[in-house]
1. Count the net charge of all other residues whose Cβ sits under 15 Å from the Cβ of G230, scoring Lys and Arg as +1 and Asp and Glu as -1.
2. Which order do W11, W69 fall in if you start with the one that has the fewest other Cβ atoms within 10 Å?
3. May I ask you to give the average projected area over all directions of the convex hull of the Cα atoms of the range 18-68, in nm² rounded to one decimal?
4. Does anything in the range 195-211 have its amide N under 17 Å from the 7 Å Cα→Cβ label point of T145, and if so which residues?
5. Give the Rg/Rh ratio for the chain, taking Rg as the radius of gyration of the Cα atoms and Rh as the Kirkwood radius, to two decimals.
6. Which net charge results when you count Lys and Arg as +1 and Asp and Glu as -1 among the other residues whose beta-carbon is under 12 Å from that of V110?
7. Tell me which lysines have Cα within less than 18 Å of K28's Cα, excluding those fewer than 8 residues away on the same chain?
8. Would you kindly calculate the translational diffusion coefficient of the range 137-181, applying Stokes-Einstein with the Kirkwood radius from alpha carbon pairs, for 25 °C and a viscosity of 0.890 mPa s, and quote it in µm² s⁻¹ without decimals?
Amino acid sequence: MARTPVIAGNWKMHKTVAEAVALAQAVKDGAAGAAHCQVVLAPPYTALYPVAGILRDSRVILAAQNVHWEPGGAFTGEISLPMLEAIGCRMVIIGHSERRQYFGETDATVNRRVRAVLDSDLQPIVCIGETLEEREAGRHYDVVTQQLDGGLDGLTRRSLLRIILAYEPVWAIGTGRTASPETAQEMHAFIRSRLSERFGEGAREVRILYGGSVKPANIAALMRQPDIDGALVGGACLEADSFLGIIHYNA
Ligand code: PGA
C-alpha cells in the first residue's frame with residue numbers, strides 16, 4: 001500500500017489567535033488543490049479552537065503539540081485527549097525534542113502518551129532523534145533504537161499502523177543545518193527495519209517524516225528518498241508562502 005505523504009507544520013510557541021486564524025486561512029486556501037499529501041497544522045493550545053473553525057470542511061488536519069495521558073483530573077496546566085477530540089483535533093505531536101530537552105519528557109512518558117492517544121480517536125506523531133553530541137560519538141543508531149523501543153513499548157502490530165513517526169535530528173532543528181537527503185534516508189531506512197524486526201510487515205506502511213530545517217528549497221530532494229514520507233516543519237511553517245512552497249514540493 002502506498003504511503004500518503006504528510007506535511008505537518010509545528011507552530012511551537014508562536015501566533016496569537018488573530019495571527020493563527022490568518023495563517024490557517026491562508027494555508028487552507030493555498031493547500032486546497034494539494035491532493036498528493038495530508039496537510040497538518042499544529043497551533044498552540046490557545047489557537048486550537050479558532051483554527052478548528054477555519055479548517056472545518058477542509059482537507060487540512062488539526063493537531064495539538066502535546067497531550068496528557070489521563071482523561072481528566074488534578075493536573076494543573078495540562079490538556080486531555082477528550083478536550084482535543086471535542087474540538088476536532090485528529091493528530092497530536094508526542095515527544096518533540098524540545099519537550100524532552102526542556103520539560104523532562106522521557107521515553108517512558110512518551111510511551112504513556114502514545115498508548116493513551118492510541119486508545120482515543122487521535123493519531124500520534126511520535127518524534128525521535130539524536131543530539132549532535134550523540135551523533136559525533138557514533139551513538140545515533142543506539143539512541144534512536146532506544147527511543148523507538150521505549151516509546152513504542154507494548155504496542156500491538158495493529159496499533160503500529162496508526163502511528164506516524166518523525167525523525168528529527170536535534171542538531172538540525174532550528175539551526176538551518178538540514179540533514180542531507182542521504183543522511184536522513186539512512187536513518188529512515190534503519191528506523192523502518194527496526195520497526196519490522198519488532199512489528200513485522202506493517203512497518204512498510206508506517207509514515208516516517210523528516211524534521212529539521214526543512215524549507216521550500218530542500219523538501220523536494222528529501223521527498224525523493226524512498227523512506228522519507230513527509231516533513232515536520234518548524235520555522236518555515238510560520239509564513240503561509242514558505243509552508244505552501246513545502247506543501248507543493250511536487251509542483
Ligand atoms: P525547524 O523545526 O523546521 O525550525 O528546524 C522542526 C521541528 O522542531 O519540528
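1. Values: positive: R3, R59, R192, R207, K215, R224; negative: E168, E205, D227, D229.
So the surrounding residues net to +2.
2. Values: W11 23, W69 18.
Listing W11, W69 from fewest to most nearby Cβ atoms yields W69, W11.
3. Details: hull surface 14.4 nm².
Value for the range 18-68: 3.6 nm².
4. Zone members listed by number: 195-200.
5. Numbers: Rg = 16.8 Å, Rh = 18.0 Å.
When Rh is taken as the Kirkwood radius, the ratio is 0.93.
6. Numbers: positive: R99, R100, R112, R113, R115; negative: E105, D107, D149, D153.
So the environment of V110 carries a net charge of +1.
7. K15
8. Working: Rh = 12.6 Å.
Answer, rounded: 195 µm²/s.
Computed from the coordinates by the stated procedures, all read-outs in this text should not be read as laboratory data. Since this is a predicted model, take the numbers as computed values, not measurements. Quick reminder, even Gly has a Cβ in these numbers, built from the backbone with ideal geometry, and neighbours come from all protein chains shown.
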